[in-house]
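The values are calculated or read from the model by the stated rules, or taken from the named source; none is laboratory data. None of the values given here were measured: they were computed from a predicted structure. Cβ sites come from the backbone with ideal geometry, for glycine too, and all protein chains shown count toward neighbours. Ligands, DNA and RNA are excluded from the accessible area calculation, which covers all protein heavy atoms including side chains. Shrake-Rupley method; radii C 1.70, N 1.55, O 1.52, S 1.80 Å.
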Amino acid sequence: MSLDAPNGHIGLTLNGAEITVPADSTMRLSELLREVAGAKDVKVGCNAGDCGACTVLVDGNPVCACLMAAGQAQGAVVETQSGLVADDPIAERLAQSFQRHQAAQCGICTPGMMVAAVALLRRGGALTSEAVEDALGGVLCRCTGYRKIIAAVLDASDTAPLAEGGVGAPIARLDGWPKVNGAERFGDDVAPEGALVVRVIRSPFHRASFAFGDLDKYREDNGLERILLAADVPGENCFGTIPGFEDQPMFAEGETRFKGEAIAAVVGSTEAVEAMQAFPVDWTELPSVTTPDGAGDAALLHENRAGNVMCRGIVRRGDAAAALAEAPHRVAGDFSTGFIEHGYIEPEAASAIRVGDRLEIRCCTQAPFMNRDGIARLMGLAPEAIRINPTATGGGFGSKLDLTAQPYVALAAWLLNRPVRITYSRTESLMSSTKRHPSEVHMEIGCDAEGRITAAQFDGVFNTGAYASWGPTVANRVPIHASGPYLTPHYEAKSVGIHTNTAPAGAFRGFGVPQSAVAQEQLYDIMADRLGIDRLEFRLRNCLRNGDPTVTGQVFERGMGIDACLEALKPSWDEALAECAAFNGAHEGRKRGVGIASGWYGCGNTSISNPSTIRAGITAEGQLFLHQGAVDIGQGSNTVITQIFAQALGVPVADITLVGADTDVTPDAGKTSASRQTYITGNAARLCGEALRAQILRLGNVSNDAVISLDGGLTLTDGEATVTVPLMGEGYAIEAVESYDPPTTPLDENGQGDPYAVFGTAAQLCVAEVDLALGTTKLIRIVAAHDVGRAINPLLVEGQVEGGVAQGIGLALMEEFLPGRTENLHDYLIPTIGDVPPIDTLIIESGDMHGPYGAKGLGEHCLIPTAPAVLNAIAHATGARIHHLPATPDRVRAAIRAL
Amino acid sequence: MPLHRPETLSEALSLLAGGGRALGGGTDLYPALRDGPPPADLVDLMNVAGLRGVSRDGNGWRIGGATTWTDILRADLPPAFDGLKQASREVGSVQIQNAGTVAGNLCNASPAADGVPALLTLEADVELSSQTGTRRMPLSQFITGPRRTELAQGEILSAIFIPETTGSGAFLKLGARRYLVISIAMVAAVVEIREGLIVSAKLAAGSCAPVAQRLRGLEAQLVGKPAHDAAAIITAHDFPELAPIDDVRAPAEYRRDAVAALTLRTLNAAISKETAHVA
């Protein structure tokens, strides 16, 4: 192999092939591999060595390709995920194992994980969990909770994954193989060749006014194609998510309201944009407020919102104040949580091309149709003039519902009539994307002499940041859920969203419910201890049962499964209590405790229509297509919806070809949010499968027992009879389209009504060990009992639970976004592979009145109990209660010292 | 934008004298670019002959300026280096350890540099080379403040020298998560025990002052004392050597509190090894 490459070129061996490519020798190796050599399986998550997604092997050693000069790889042997899986039997077995264990969810960290694991497996030697953790500790994952990745590495063998099965079968992810062999394509991976690049100019201050310099001269001097400003926006310069609350401009006009807000964007070649001089703008910093404290008196962020109040929510039932006054036992407390960043490993990315009078946009997203309509409004175009064709989405968790990068490429492509791309830097993503609402909660609960909750009062202040985003949803949802899944006869819960000069707080797994659970579940522990009742028993005594009214007066006759979740934890609870007592008897400086908490979550949007539509058809050639528009951001809708459809139609999943979310060809299955896809889109898929089956059986004139075979044609076997159904015509010979919208009712002025058709419930316990001198918390294990109604795919259920638990651990122990201070992934900490303990998932199947085959949603539920369970464990271990999150070592230590 | 890849030190130094910027493993240089372009001229030191690896130097040891953390982990070194080896394992991640160099860690001069406390307890000297010659100074003098060193324009940290060292080493890093973490505080120790008495104790703490510091006041109190007296001595010590600050990772007050516990544990870990080793 030649070690020399011509001037301006770099020669290396990439996945076995000697290549010589033109490249600047100081560019990052990751950029060379992706942009020059086309190795799109190398992912870039942070460009700082903080996430490990870009891990490749250089001469056999794992390194971050983003930290290596391309020229340093001159003459080296570079291996990436795709090459390894294709050429190395060890990697091929690992890929199979990742599929078998569902170790890839969204798949964005999978290349880094697998490459790091191959280095470990090649080295040989004893394979232990610790060795795997050490080897993979440099790669962050936000979806899986890491446990299935550890299991997959420990179990790399030739065993084939389970490929086939309807409802209830733990089949491998149907869209999984590309994620484990390096073929998956995310937002930045599909950018058109030669596309211009957009870079957004953002405010460096929490609040500022600004004046542009000579933009024409700047554009010419820097060889840029165009500078985009508010005046260039053809439609309305605003977007949002909730009708009536579309208040966020694409470009701020006159004044910026948060650090990181866009004021302009430049468009040019990659080279021109990378080399451009400082953008000509004069900033004048203005007084700002970044917490609700003081926001009432601060300058209004939005003229029509007095006191900077975005909106309020309330649920009132009985007379909480009177019942509390009469309660023999009362406990109260103040609790707070900070901004939490979604921390998906794939930064926001989009590309756009103009096709005649239409715009075609590719992007990572959770909500293609909402994005389409939002872009149409900004562009002043009809929604049908916009096509959103989502790529694979490398994690979302709520933040990729909102428009982020898409408007900028849309506008640039529209005006310049050239392909345009954008990918946010990690810092840009952190500073500008939505966050979980910081919360300040005061709550009081009252209890009778028998340990039955009589009343609860909840007052929650939520920092909603500069723009509404999903703030109204949080304000509405929290009062409905702040009781927890407990019978609470007298109840009053108020919430308010306050505008401040921070990034908008929006949707994040749980929509405010995890924050309220931190308060409510800790108070339940305090009350149980006060009464001398076992904490699990106290919860069982008070939990909602079938036939009990919720705090909105809704009664479920079936499927209120929290009692079953708590009962399922009992053996682990008893065992954990005994184990902690034994441990604490034998150890002085370290103490163990066990915590428990429940959670519940209404699936789908609150009291409003939110339908999903599913379409399926069979071509003349006998090929069956399922238009599945529920965006799979790693949670598994591609697999779950297909399993439901296959079950309803009566065919194997292998017969089904998926057509993904694409606003031109697949009907709207709504947003991937609010734990709604399995329930709502799942029902649409069930109805569609049933409708298609009914049509087919009618055409064949056969009974309901007939078996459908798709083997180049359509054959029905009904007992002894075999019928071939003729298939003819263009497009689909047979087609079905069905929709489902959950039956809910509006809430009255006291918040009474049926806001959701389905609630899912959960209870988790956590064993934690606290180092008393340092205040560090090490989690020993988590047991999570979840009533999912019916597990469509039990392995996917486990994956959701483990991933939600990991995010709950982050919320409890380490995560806090501080605007301007933690805008990278080494100051903003999310759990690593060494921070998530073994998780035992107990699946409860209590069925459901409405869910497909009895299934409920799950995505948000799994995060809700985790943080309070961890905090309750810390309190049990040490006697110290953490009111203000995160429970970092210094806060835990301070609480211990204050005892 | 050229990347120079010299194979001799003199060639490297000549390129640096011409204004090039030194590149080692890139694990500090590239993150610091954020979204900006790389410097115009980079001089890759990783190919320079004799610059990478750990070797004997008389009775002591020489760590070349291009030696990675993984190289340290794989080197055959006496027990006094155990703290340095433990620190190597705690630097970022395997990926960072495979690329990042010990010398780069020193030149980056972060108050939280993982390598500095252990090298202070090993009484390391650094060798600085430029076209005009080489100079040598104690590590404690080399780093002058946060992100500040004695390194002059055109100069590189060409080697770290560690004198003959007896005793056993240990290192503990305290952070808010398990991997990929910048320390809240860390402590390194090298201790020598004879017949139950502490013959020598070298202790250093990082992330608790603008630059990692030797805990000389504490060391002086420990020498000559029975190993089992260490706890009482450390508990009574108020760490005047340190000046912790509040930052996103922890408040100063916590650091002051935690460093005492870390010091005791690190010292005890070193004492245990030393006792086992001597026995």
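Orientation-averaged projection of the range A:38-193 equals 10.0 nm² [convex hull of Cα atoms, one quarter of hull surface area]. As a ratio to 2.2 N^0.38 Å, the alpha-carbon radius of gyration computed for the range A:552-633 takes the value 2.04. How much of the calculated P(r) for the range B:150-242 lies past 17 Å, in percent of all Cα pairs? Roughly 61 percent, once rounded to a whole number. Computed as a quarter of the hull surface, the mean projected area of the alpha carbon convex hull for the range A:121-173 stands at 5.0 nm².
For the pair A and B, the buried accessible area comes to roughly 3900 Å² in total, with a 1.4 Å probe and the value rounded to the nearest 100.
Stretched out straight at 0.36 nm per residue, the stretch from A:ALA160 to A:GLU246 would grow longer than its current Cα-Cα span by 26.0 nm. For the range A:808-853, the solvent-accessible area of protein heavy atoms averages 29 Å² per residue (probe radius 1.4 Å; ligands and nucleic acids excluded). Relative protection proxy for A:239-252, A:674-687, A:821-834, from highest mean packing down: A:674-687, A:821-834, A:239-252 (other beta-carbon atoms within 10 angstrom). Rolling a 1.4 Å probe over the heavy atoms of the protein chains gives the range A:9-79 an accessible area of 25 Å² per residue. For the pair A:THR20 and A:ASP297, a Förster radius of 41 Å applied to the C-beta separation gives a FRET efficiency near 0.05, rounded to the nearest 0.05. Interface residues of the range B:243-260, defined as those with an accessible-area decrease of at least 30 Å² between the chain by itself and the complete set of protein chains (probe 1.4 Å), are B:VAL248, B:ARG249, B:TYR254, B:ASP257.
Candidates A:GLN752, A:GLY244, A:TYR601 compared by Cα position along the dipole of chain A: farthest toward the positive end lies A:GLN752, with charges placed on Cβ.
For the range B:146-195, the set of GluC sites (Glu not before Pro) satisfying both a DSSP loop assignment and a count of at most 11 other C-beta atoms within 10 Å is given as B:GLU195. Take the range A:582-676 with all the other protein chains still there, run a 1.4 Å probe, and you get 26 Å² of accessible area per residue.
When the alpha carbon coordinates of the range A:223-273 are projected onto the principal axes, the ranges are 41, 25, 19 Å, largest first. Cα-based radius of gyration for the range A:9-79, normalised by 2.2 N^0.38 Å, reads 0.95. In the range A:117-141, the residues whose accessible area drops by at least 50 square angstrom when the other protein chains are added to the isolated chain are A:ASP134; the probe is 1.4 Å and only protein heavy atoms count. The Cβ shell under 14 Å around A:SER739 holds other residues with a net charge of -1, Lys and Arg each +1, Asp and Glu each -1.
Could you give the dipole magnitude of the protein assembly as shown about its Cα centre, charging the beta-carbon of Lys and Arg +1 and that of Asp and Glu -1, in debye to the nearest 20? Dipole magnitude for the protein assembly as shown comes out near 1580 debye. Sorting the segments A:473-482, A:458-467 by their residues' average number of neighbouring beta-carbon atoms within 10 angstrom, most packed first, yields A:473-482, A:458-467.
Roll a 1.4 angstrom probe over the protein heavy atoms and tell me the percent of accessible area of chain A that is carbon or sulfur. Roughly 49 percent of what the probe reaches on chain A is carbon or sulfur. Summing charges over all other residues whose Cβ lies under 13 Å from the Cβ of A:PRO571, with Lys and Arg as +1 and Asp and Glu as -1, gives -4. Couplings for the range A:519-525, taken from phi via the Karplus curve 6.51 cos²θ - 1.76 cosθ + 1.60 with θ = phi - 60°, read 6, 5, 6, 6, 5, 4, 5 Hz in order; Gly and Pro are left as x. All C-alpha pair distances within the range A:812-876, sorted into 10 Å bins from zero, spread as 15, 33, 29, 18, 5 percent across the bins. Applying the Kirkwood pairwise sum to the alpha-carbon positions of the range A:774-899 produces a hydrodynamic radius of 15.9 angstrom.
So what does the Cα-only Debye profile of the range A:645-718 read at q = 0.12, 0.14, 0.19, 0.20 Å⁻¹, as log10 I(q)/I(0), no solvent term? Those come out to -0.40, -0.53, -0.86, -0.92, one per q.
Peptide B:23-33 has a mean shielding of 6, counted as Cβ atoms of other protein chains within 10 Å of each residue's Cβ. Note on A:THR722/A:VAL665: beta-carbon distance plugged into 1/(1 + (r/R0)^6) with R0 of 30 Å gives a FRET efficiency of 0.35. Relative to one another, the C-alpha centroids of the range A:400-433 and the range A:811-848 are positioned 27 Å apart. A Förster radius of 45 Å combined with the Cβ-Cβ distance from A:LYS778 to A:SER703 puts the calculated FRET efficiency at roughly 0.15. Measuring between their Cα centroids, the range B:1-72 and the range A:540-569 lie 65 Å from each other.
Spread over its residues, the convex hull of the C-alpha atoms of chain B is 123 Å³ per residue.
Working note: 222 nm ellipticity from helices only, DSSP H runs with n ≥ 4, each -39,500 (n - 2.57), summed and divided by the residues of the protein assembly as shown, gives -8500 deg cm²/dmol to the nearest 500.
Compute the separation of the alpha-carbon centres of the range A:287-306 and the range A:574-607 and state it in Å as a whole number. So the separation of the two Cα centres works out to 40 Å.
The residues of the range A:807-831 listed by number as losing at least 20 Å² of accessible area in the complex, against the isolated chain and with a 1.4 Å probe, are A:MET814, A:ARG821, A:HIS826, A:ASP827, A:LEU829. Backbone phi angles across the range A:354-368, fed through the Karplus curve with coefficients 6.51, -1.76 and 1.60 (θ = phi - 60°), yield HN-Hα couplings of 9, 10, x, 9, 10, 10, 10, 10, 10, 6, 7, 7, 10, 8, x Hz in residue order; Gly and Pro are listed as x. With each label modelled as a point 7 angstrom along the Cα→C-beta vector, the A:ARG185-A:ARG312 pair spans 5.2 nm. Projecting label points 7 angstrom from Cα along Cα→Cβ for A:ALA230 and A:ASP711 puts them 6.7 nm apart. Here, the range A:189-343 is characterised by an Rg to Rh ratio of 1.15, where Rg is the alpha-carbon radius of gyration and Rh the Kirkwood radius. Counting Lys +1, Arg +1, Asp -1, Glu -1, what net charge surrounds B:ARG178 among other residues with beta carbon under 13 Å of its beta carbon? Combined, the nearby Lys, Arg, Asp and Glu give -1. Computed over the range A:310-431, the P(r) curve from all C-alpha pair distances, binned at 10 Å from the origin, holds 12, 33, 21, 12, 11, 8, 3, 0 percent per bin. Binning all Cα-Cα separations of the range A:612-740 at 5 Å, short to long from zero, yields these whole-percent fractions: 2, 12, 23, 24, 18, 11, 6, 3, 1, 0. The simple spin-label model puts a point 7 Å past each Cα toward its Cβ; for A:GLU621 and A:LEU127 those points are separated by 4.0 nm.
Kirkwood-type hydrodynamic radius, the protein assembly as shown: 31.3 Å, calculated from all non-identical alpha-carbon pairs.
Take each residue of peptide A:595-604, count the partner chain Cβ atoms within 10 Å of its Cβ, and average: the result is 0.
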